[in-house]
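Asks: Before anything else, here's the structure in question.
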Amino acid sequence: MNALEVRNLTKAYPQFKVDQISLDVKRGYITGLIGPNGVGKSTLIKMMLGMVRPDSGTVRILGCEMPAQEVEVKQRIGVVSDDCFYYEHLSIRDMQQMIAPFYRKWSHHTFNRYLEQFELSPNMKIETLSKGMKVKFSLAVALSHEAELLIMDEPTSGLDPVFRRELLDLLANILQDEHNSIIFSTHITTDLDRIADYIAFINRGKLVFSEAKDSLLERYAIVKGDLQLLDSDIRKLFVGMRETAVGFEGLVEDRQQAAQLFGEHVILDKATLEDIMYYTAKGGRIHA
Amino acid sequence: MRWRNLKVIISNASSDPIYIQIMNQIRQSILNGELHAGDSLPSIRQLAKDLQVSVITTKRAYEELEKEKLIDSVVGKGCFVSGANKEFIREQRMKRLEEKMIEIIQESQEIGMTQQEVVDYLTLLYEEEQQS
């Protein structure tokens, strides 16, 4: 069962293109959309939400066609973005009174509880909020109408490390109900990757992979060794590589193969998502 | 909510994948008798939240333990330490006991006790333990 299904989404701009992206967000899990800046993550999310019209492709959210059933869908999703869509000159209280009637299941009680938890006062004007406070406000709105799917675009970009950790707990709480799902985008992989179940990696407008994080981290590995080990055939095994005067460090996609090939001659380390992102982006540039 | 006797500590420095670390520690708690048949375990989602790891990770750990017949998951009720594998658990505990006994024998030999002295001493302690 998928909370969100994207099929062959394409959008061409003069400078870049989101190219034929297909992606599933499984119900009951957290999916992280990762990739460097400016590769199309936000464009993809805007297309999911009907804020950017795709050239081609389809989006289904919670079983409903987008954009045909957009009104129904938006009752059931929560959106958190680092862009602030709210009226800057209003206070949090006034803004809430404006938003609440749009939702069938709006809970003032829940909203106020989150304001308290996030240390936001209802009297604060939106324009005076810091970037992190705007994210918190937008999170409070997203969590106050029993959303089944939370879509977050770079939610942690304005947040301090303390609240980022608290956010992990908050998201895990939402997922205690196995009908709820979360998708978030980020370029800081060390953030939410602890609790992400699935990772979708976007680079240069294309989907590189979308799979369970645990299997990714088991499959990829970092190889470190002496430059003398490298020849043109060996180099082909690497997704990306960094060579210096004192040795090389590179990412391989098949840990077992690398272990058999290099044996004791190299150091084989666990790859992090950041390693995977870095070397794939770098490698892609070299071969392109 | 707290679960009696369940301790799981994840190390980021360990070379073992996280699901293996979870599995090993729960298995250990069952085998050394800290957890008993019928004890309830936190749900997959609760454990993921407590450890700040993904749901898939805790799910896999539980699935592997289920395959070993050490835990049962009952739909709608949660996960429990299984009673199905009593013999295996008893065997494992007997093995640990045996190791401890061998240790006792070796130490008693080192300080020059005879077999009969060890047996007498053990009998004495056993009786005291029962009375208390």
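The values are calculated or read from the model by the stated rules, or taken from the named source; none is laboratory data. Keep in mind that this is a model prediction, so the values were computed, not measured. We place every Cβ from the backbone using ideal geometry, glycine too, and count neighbours over all the protein chains shown. Ligands, DNA and RNA are stripped out before the accessible areas are found, and what is left, the full protein with its side chains, is counted by its heavy atoms. Shrake-Rupley method; radii C 1.70, N 1.55, O 1.52, S 1.80 Å.
Asks: Working only within segment B:40-61, note down all residues that are at the interface with chain A (Cβ under 7 Å from one of its Cβ atoms), more than 12 Å from B:I18 (Cα to Cα) and either among the hydroxyl-bearing types (S, T, Y) or open to solvent by less than 40 Å² (accessible area, probe 1.4 Å) (or both).
Replies: Once the filter is applied, which keeps residues that are at the interface with chain A (Cβ under 7 Å from one of its Cβ atoms), more than 12 Å from B:I18 (Cα to Cα) and either among the hydroxyl-bearing types (S, T, Y) or open to solvent by less than 40 Å² (accessible area, probe 1.4 Å) (or both), segment B:40-61 yields only B:R45.
Asks: Filter segment A:189-214 for residues that are within 9 Å of chain B (Cβ to nearest Cβ) and small (G, A, S); which is farthest from the chain's Cα centre (by Cα)?
Replies: A:A212
Asks: So B:T123 clears everything in (1) surrounded by 14 or more Cβ atoms within 10 Å (Cβ to Cβ); (2) part of a helix (DSSP H, G or I); (3) hydroxyl-bearing (S, T, Y) except one condition, right? Which one?
Replies: (1)
Asks: Within segment A:126-135, how many residues turn out to be under 18 Å from A:S185 (Cβ atoms) and surrounded by fewer than 24 Cβ atoms within 10 Å (Cβ to Cβ)?
Replies: Residues that pass the stated criteria total 3.
Asks: Restricting the search to segment A:182-203, which residues are open to solvent by 40 Å² or more (accessible area, probe 1.4 Å), out of contact with any strand residue (DSSP E or B) (no Cβ under 8 Å at 6 or more places or on another chain) and closer than 15 Å to A:Y278 by Cα?
Replies: A:I188, A:T190
Asks: Next up: Counting only residues that are crowded, with 22+ Cβ neighbours inside 10 Å and either hydroxyl-bearing (S, T, Y) or within 14 Å of another protein chain (Cβ to nearest Cβ) (or both), how many does segment A:19-28 have?
Replies: Selection size over segment A:19-28: 1.
Asks: Also: Which condition does B:A84 not pass, out of (1) in a helix (DSSP H, G or I); (2) farther than 17 Å from B:I22 by Cα; (3) free of Cβ contacts under 8 Å to residues at least 24 places away in the same chain, if it passes all the others?
Replies: Checking B:A84 against (1) in a helix (DSSP H, G or I); (2) farther than 17 Å from B:I22 by Cα; (3) free of Cβ contacts under 8 Å to residues at least 24 places away in the same chain, the one that fails is (1).
Asks: Of the numbered conditions (1) more than 7 Å from chain B (Cβ to nearest Cβ); (2) not in a helix (DSSP H, G or I), A:L217 satisfies every one except a single condition; which is it?
Replies: Here A:L217 clears every test but (2).
Asks: Condition first: open to solvent by 40 Å² or more (accessible area, probe 1.4 Å) and touching a strand residue (DSSP E or B) at 6+ places or on another chain (Cβ under 6 Å). Now tell me which residues in segment A:65-116 satisfy that.
Replies: If the condition is that a residue be open to solvent by 40 Å² or more (accessible area, probe 1.4 Å) and touching a strand residue (DSSP E or B) at 6+ places or on another chain (Cβ under 6 Å), then A:E72, A:V79 are the ones that fit.
Asks: Then there is this: Of the residues A:L167, A:L171, A:L175, which is farther than 14 Å from A:R76 by Cβ, at pLDDT below 90, open to solvent by less than 10 Å² (accessible area, probe 1.4 Å) and within 13 Å of chain B (Cβ to nearest Cβ)?
Replies: On inspection, the qualifying residue turns out to be A:L167.
Asks: Could you check segment B:67-81 and list, in sequence order, the residues that are free of Cβ contacts under 8 Å to residues at least 12 places away in the same chain and open to solvent by 70 Å² or more (accessible area, probe 1.4 Å)?
Replies: Hits for segment B:67-81 are B:K67, B:V75, B:G76, B:K77.
Asks: From the set of residues in segment A:241-262 that are under 25 Å from A:K213 (Cα atoms) and of a type in the set (G, A, S), which is farthest from the chain's Cα centre (by Cα)?
Replies: A:A259
Asks: Of the residues A:R60, A:R53, which is basic (K, R) and either out of contact with any Asp or Glu (no Cβ under 6 Å at 6 or more places or on another chain) or assigned to a loop (DSSP other than H, G, I, E, B) (or both)?
Replies: None of the other options fit; the residue is A:R53.
Asks: Among the residues of segment A:171-195, what is the count of those that are assigned to a loop (DSSP other than H, G, I, E, B), in contact (Cβ under 8 Å) with a residue 60 or more places away in the chain and closer than 15 Å to A:L149 by Cβ?
Replies: 4
Asks: Report, by residue number, each residue of segment A:257-273 that is open to solvent by 100 Å² or more (accessible area, probe 1.4 Å) and away from chain B (no Cβ under 14 Å).
Replies: Hits for segment A:257-273 are A:Q260, A:E264, A:H265.
Asks: Could you list, ordered by first residue, the pairs with Cβ atoms under 7 Å in which the first is in segment B:13-24 and within 10 Å of another protein chain (Cβ to nearest Cβ) and the second is assigned to a loop (DSSP other than H, G, I, E, B), at least 6 apart or interchain?
Replies: The qualifying pairs are B:I18/B:I10; B:I18/B:V53.
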